[in-house]
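Working notes, structure below.
What follows draws every value from the coordinates through simple rules; no lab data is involved. Fair warning: this is a prediction, and the values are worked out from it, not measured in the lab. Counting neighbours? That spans all protein chains shown, and the Cβs are built from the backbone with ideal geometry, glycine included.
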Amino acid sequence: MADRYYRGAVGAFIVYDTTKHSTFQSIDQRWLQELRDHADPQTVIMIVGNKTDLRHLRSVMHDEAKLYAGEQQFFLFVCHCSLCEEFCLYSSDFLQLRRGLEK
């Protein structure tokens, strides 16, 4: 079933909650493995830190996420809830365009 879900995907957003470090850890522990198992190796990956408006509850610091994204060669975007939803909608169009230009 998962293969069909990822077939033809040009990009993937992995969203984590900046107030819950376990969601950031699950990028490596779960989501990347799933992408490696089922998605095209050329799939563009962006990690998205959500809930940045809750600064007083933050457990994943921006520097930690930035370092991780750089090591993995991923794009990184951090935002608050309403902005994240809008960003993901418009970014999917960008990923399709980028993939078309790289061919």
Please report 46, 61 as a ranked list, fewest other C-beta atoms within 10 angstrom at the top and most at the bottom. 61, 46
A correct fewest-to-most ranking of 76, 54 by other Cβ atoms within 10 Å would be 54, 76
Using only alpha carbon pairs under 8 Å that are at least six residues apart, calculate the relative contact order of region 1-63 and give it in whole percent. 50
